[in-house]
1. Using the Cα centre as the reference, give the magnitude of the dipole from point charges on the C-beta atoms of the chain (Lys, Arg: +1; Asp, Glu: -1; all else neutral), rounded to the nearest 20 debye.
2. Ranking GLU143, GLU240, GLU331 by Cβ neighbours within 10 Å, fewest first, what do you get?
3. Please identify the trypsin sites (Lys or Arg not before Pro) of region 267-312 that satisfy two criteria: DSSP loop assignment and at most 15 other Cβ atoms within 10 Å. Which are they?
4. From the phi of every residue in region 342-351, what ³J(HN,Hα) in whole Hz does the Karplus formula 6.51 cos²θ - 1.76 cosθ + 1.60 yield, where θ is phi - 60° and glycine or proline is x?
5. So, in Å, what gap is there between the alpha-carbon centers of region 157-233 and region 28-77?
Amino acid sequence: MELNAQNSMNILNKNFDFKIINDDVIGPVLLMPPKEAYLYTAVAGSFYLNDPNFQFRPRGLYPLFYHANAYNLVTGLMTFDKNKLSFFNSPLIHKEKYPFIVTGQKYVIFKDIKNSSDVSHREKLFQTLKKAGKDTSNYILTEIRKDVKGYGMEPFCEYVACKYFSNKGYIVENQIPLFYDVGTPDFSAFLIPEVAESLIADHFMGCGAFLLELASLRVFGKHTTSKINYNYDQDLVVGEAKTCTKKTQIQKYIDTQLYNKCFEIVPDKKLAEKHSGLISFDKSHSLILKDSPKLKIDTKKQKEYTTWLMNYFKYYLLSNLTNTEFLKFLEQKTSKTEWTVKEFTSAVNSLPLREIIKEVDKKLIEC
């Protein structure tokens, strides 16, 4: 299936129950609640039409470390300057800066673009909506760039894969750091029983979750109901979204021996490779998943990687705190007010997950 404006909308409608409605200015649009829209834009790279000149796009704003199994901070979710630590990009900060992310139902426009170097269509669309008396910040634009290979729809495929595995109980993340000589997977899905049990028990997850969703609890709230099912084994999944995925890239992820399963996400591919599973779509826009063979894992390496992942999650959970609250919490735990990067990451990594959940939950109750 070659992705275009119409079938991309149909894919999200058919597989995830997002409604298609007829907007009196735009025509067919996809309806999303604010939280879903925020997660969608953060992964799919779509634009809020909040401003004629600067359209807010949260994709790529939340990196944390340069690579896996190490704790070298990169400016994104956090910044470290002159021994002062702070959250730099977080949902809580975005709520203050862009309050429209939490208000109103969002209308996702899918538009085929013939010349992606000309971005004037965004301003024209903004002006059209404004002239019609619409709140433009409630509209989100997904561009299908017809003049580039793959139409720039790999991020859209990343979102579909993340959404699918999140619904299956996994914590999902796109573009998570791995290793310099391996590359950056387009998506990963992690089912770690001890983490899931703690998060579900406190309604931080309903089933699975986007990692960014766990950082958004202070913005969008906890889940009112949770699906409690602890009868599962650890499962680490990695995937690559391409219009024509090369085996060599997927093979690099397999060769790490960190993952239990591996998937290609290729919309128009029919047959899975022997080395991986496949996510694609049929003519009726239904998602087709052909399961991955069980991959060979190095138990020692996977254990080290899982420990790193569990620490990685902690920083995103802590970003539910303001900078003042976070530093006060860390000072109480370490009796320090300044840290080197190494001292800081060591302090955060040593915090038990339950203590972090308790602290975040306390702030949620206060809201």
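1. On the way: 49 positive and 42 negative charges, 53 e Å.
Dipole magnitude for the chain comes out near 260 debye.
2. GLU331, GLU143, GLU240
3. LYS270, LYS274, LYS283, LYS294, LYS296
4. So the Karplus estimates, Gly and Pro as x, are 5, 5, 5, 5, 5, 5, 5, 4, 7, 5 Hz.
5. Region 157-233 and region 28-77 have Cα centres spaced 16 Å from each other.
Since every read-out is calculated from the coordinates, none of them should be taken as a lab result. Just so it is clear, the model here is predicted, and its values are computed rather than measured. Neighbour counts are summed over all protein chains in view; Cβ atoms, including those assigned to glycine, are modelled from backbone coordinates with ideal geometry.
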